[in-house]
Amino acid sequence: MMSLVVARELSKTYKMGDVEVDAVKNANFEIGEGAFVAFVGPSGSGKTTVLNLIGCLDKPTGGGLEVTGFDVTRLDRFQAARFRGTNIGFVFQNFNLIPVLTVAENIEYPLLMVQNRPAKERVTRVNALLEAVGMEDQKAKLPDQLSGGQKQRVAVARALVTNPKLVLADEPTANLDHKTAHSILGLMKKMRREMNTTFIFSTHDPRIMAEAEVLFTLEDGRLITHATEEGGTND
Ligand code: ADP
Ligand code: MG
């Protein structure tokens, strides 16, 4: 299996005045194509930082990082934005839907703003995603009119509409009740099966961890354990 993400001694140090925070320290990991894996650990352990590095939203201060076989440590801001737009979808803890856009328009947004696809193709694609996440009959609603679980369904559709190789989901279930959290995880798994999209998420909910194939445990920025199952990501 091809490795989609390869991190070697990956490090990120934040400087705030005289204070340095090692948010990620010398992390080594590989994530295979089509994997469904989670970074876990307590608040402040470095989960968001790792996801932001993989998502090219932030730059490492040390080590190497390849995403889709590409050395992303060399990208400037504009190249990083283009790389994200074509290769990566994002799902956030707070959904981050645009409040003045309808469900359908929120899903369409990445096609319009980042990829600039033709209108006919956009409509087909948005309808396919609306159906996949079970939100066809809600497509004219505004985010305010939706429950938390419905908002996250829209966010999953938006993340997948460009058919990215990789979806990064930072604590996607943290603001959802347990049952809804499970249904969102189930939805992500279904999309992964159907589209062979790689999913990398973070969580500190132990009940959600059981859903991942591989767990990367962080503690104070260090990767401390790496549980691999049959068919996992390494080798
Ligand atoms: P988690 O997502 O696991 O809660 P984070 O990756 O957000 O952890 O944070 C890891 C560490 O890095 C924490 O100590 C946090 O305070 C620090 N940190 C994160 N982002 C910044 C930043 N932009 N500036 C300074 N420190 C940061
Ligand atoms: Mg976080």
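The values are calculated or read from the model by the stated rules, or taken from the named source; none is laboratory data. The structure presented is a predicted model; accordingly, all values stated were derived computationally and were not measured. A quick note on method: Cβ atoms are made from the backbone with ideal geometry, for glycine too, and the neighbour counts reach across all protein chains shown.
Tabulated data
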| quantity | calculated |
| --- | --- |
| Residues located in the range 57-68, provided they are of a type in the set (D, E) and assigned to a loop (DSSP other than H, G, I, E, B) | D58 |
| Residue list for the range 91-101, restricted to those being of a type outside the set (V, I, T) and touching a Pro at 6+ places or on another chain (Cβ under 9 Å) | F92, Q93, F95, L97, P99, L101 |
| Sole residue being within 13 Å of V37 (Cα to Cα) and at pLDDT 95 or above, chosen from A169, A212 | A169 |
| Identity of the residue in the range 5-41, under 20 Å from R193 (Cβ atoms) and touching a Leu at 6+ places or on another chain (Cβ under 6 Å), that ends up nearest to ligand 1 (Cβ to nearest atom) | A38 |
| Conditions (1) touching a strand residue (DSSP E or B) at 6+ places or on another chain (Cβ under 6 Å); (2) on the phi > 0 side of the Ramachandran plot; (3) among the aromatic types (F, W, Y); number of the one not met by F90 | (2) |
| Residue among D58, D76, D71 that is loosely packed, with under 13 Cβ neighbours inside 10 Å, over 27 Å from K120 (Cα atoms) and touching a strand residue (DSSP E or B) at 6+ places or on another chain (Cβ under 8 Å) | D71 |
| Of residues in the range 69-95 being outside any helix (DSSP H, G or I) and small (G, A, S), the one nearest to ligand 2 (Cβ to nearest atom) | G89 |
| Residue that is farthest from the chain's Cα centre (by Cα), among those in the range 138-162 that are among the small types (G, A, S) and under 11 Å from N106 (Cα atoms) | A140 |
| Qualifying residue in the range 175-195 (condition: within 16 Å of ligand 1 (Cβ to nearest atom), surrounded by fewer than 21 Cβ atoms within 10 Å (Cβ to Cβ) and at pLDDT 90 or above) | yes |
| Hits in the range 59-75 (condition: modelled with pLDDT of 95 or more, out of contact with any Leu (no Cβ under 8 Å at 6 or more places or on another chain) and of a type in the set (D, E, K, R)) | E66 |
| Residues (outside any strand (DSSP E or B), in contact with a His (Cβ under 9 Å, 6 or more places away or on another chain) and within 14 Å of ligand 1 (Cβ to nearest atom)) located in the range 199-224 | D205 |
| Verdict on G41 being within 16 Å of ligand 2 (Cβ to nearest atom) and either in contact with a helix residue (DSSP H, G or I) (Cβ under 6 Å, 6 or more places away or on another chain) or in contact (Cβ under 8 Å) with a residue 12 or more places away in the chain (or both) | yes |
